[in-house]
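What follows is a set of notes on a single structure, which appears directly below.
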Amino acid sequence: MYSMILTIYNILLCKLSNQSDIVVGTPVVGRQHSDLKEVTGVFVNTLAIRNIIDPSMSFKDFLKGVQQGNAEAFDNQMYPYEELVDSLNLQRDSNRNALFDVFFNYQFKENDIYANNASGMEVTELDIPQSVAKFDLQLSVLHSDEKLEIVFNYSKDLFELQSIARFSSYFVRVLDTIITNENLSLKNIDVLSEEETIQLLVDFNDTNENYEKDKTILDLFDEQVLLNPRAKALIFENESISYSG
């Protein structure tokens, strides 16, 4: 399921950005060694998972490629992310991540929380909302026995809520499409609704305008100058001049 959701996420990002080279960041626990299982602390590392999308590939074949890439990436999950950035000699920017701008976080929800009450300590699960975006766009998945909870977290400086709502509908549309036909090529997976498609192909191209065909562009321009002599003709920094001078 992890690879399935990540595959759909890659397709969505490809469709939104019109780019085929997609790099997604994802966290790993970092507790592979048995000695760390009982140690308190944060050992989380970050993986940068790269996928090259060939539009002619079927979804099924692309999913297999993502699964293989995930396996190879997780085999190297103990390699420190900061050392990877240093080894690539990437220019660092405090406002951006060095390798990726989008993130994928997949978690399994525990049904029960176990604690030893002998010491009188009580453990309570708290749902803390994520109000600060650390990345341009993040897809978070909470996997329980009964369902998948999928949430988009985004930078308000880059996206409006309406845009994220559209992205969510595109994600669902990709999911619905590949459920019915896993052999469909990626280029034929359409994220737009029928209404959006009509708007893009028909409404936005409805540019017919009636005008006097015996006049040139200069004639029409002269008419507008006479009709709007006070309109600004030239602007330079804080200075401007109208058509009438």
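Keeping to the stretch 216-245, report how many residues are acidic (D, E) and open to solvent by 80 Å² or more (accessible area, probe 1.4 Å). Quick ask: steps written out before the conclusion?
Quick first cut of the stretch 216-245, residues acidic (D, E) only: 219, 222-223, 237, 239.
Retained after the next criterion (residues that are open to solvent by 80 Å² or more (accessible area, probe 1.4 Å)): 222, 237, 239.
The number of residues fulfilling the criteria is 3.
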Residues in the stretch 180-191 that are open to solvent by less than 50 Å² (accessible area, probe 1.4 Å) and more than 14 Å from D54 (Cα to Cα): how many? 1
Does E82 satisfy the criteria of being within 22 Å of L137 (Cα to Cα), in a helix (DSSP H, G or I) and open to solvent by 30 Å² or more (accessible area, probe 1.4 Å)? yes
Would you confirm whether or not the stretch 84-98 contains a residue that is modelled with pLDDT of 80 or more and either in contact with a Pro (Cβ under 8 Å, 6 or more places away or on another chain) or of a type in the set (F, W, Y) (or both)? no
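Can V39 be described as at pLDDT below 90, on the phi < 0 side of the Ramachandran plot and open to solvent by less than 100 Å² (accessible area, probe 1.4 Å)? First the steps, then the outcome.
On the way: at pLDDT below 90: yes; on the phi < 0 side of the Ramachandran plot: yes; open to solvent by less than 100 Å² (accessible area, probe 1.4 Å): yes.
The answer is yes for V39.
Kindly indicate whether any position in the stretch 192-211 is in a loop (DSSP other than H, G, I, E, B), touching a residue at least 40 places away in the same chain (Cβ under 8 Å) and either open to solvent by 90 Å² or more (accessible area, probe 1.4 Å) or closer than 30 Å to D136 by Cα (or both).
Going through the stretch 192-211, the residues in a loop (DSSP other than H, G, I, E, B) turn out to be 192-193, 204-211.
Narrowing the set further to residues that are touching a residue at least 40 places away in the same chain (Cβ under 8 Å) leaves none.
So far as the stretch 192-211 goes, no, none of its residues is in a loop (DSSP other than H, G, I, E, B), touching a residue at least 40 places away in the same chain (Cβ under 8 Å) and either open to solvent by 90 Å² or more (accessible area, probe 1.4 Å) or closer than 30 Å to D136 by Cα (or both).
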F104 being in contact with an Asp or Glu (Cβ under 9 Å, 6 or more places away or on another chain), among the aromatic types (F, W, Y), under 22 Å from L13 (Cβ atoms) and in contact (Cβ under 8 Å) with a residue 60 or more places away in the chain: no
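The values are calculated or read from the model by the stated rules, or taken from the named source; none is laboratory data. Keep in mind that this is a model prediction, so the values were computed, not measured. FYI the Cβ positions are ideal-geometry reconstructions off the backbone, even for glycines, and counts take in every protein chain you see. Surface accessibility is based on the protein's heavy atoms, side chains included, excluding ligands, DNA and RNA. Shrake-Rupley method; radii C 1.70, N 1.55, O 1.52, S 1.80 Å.
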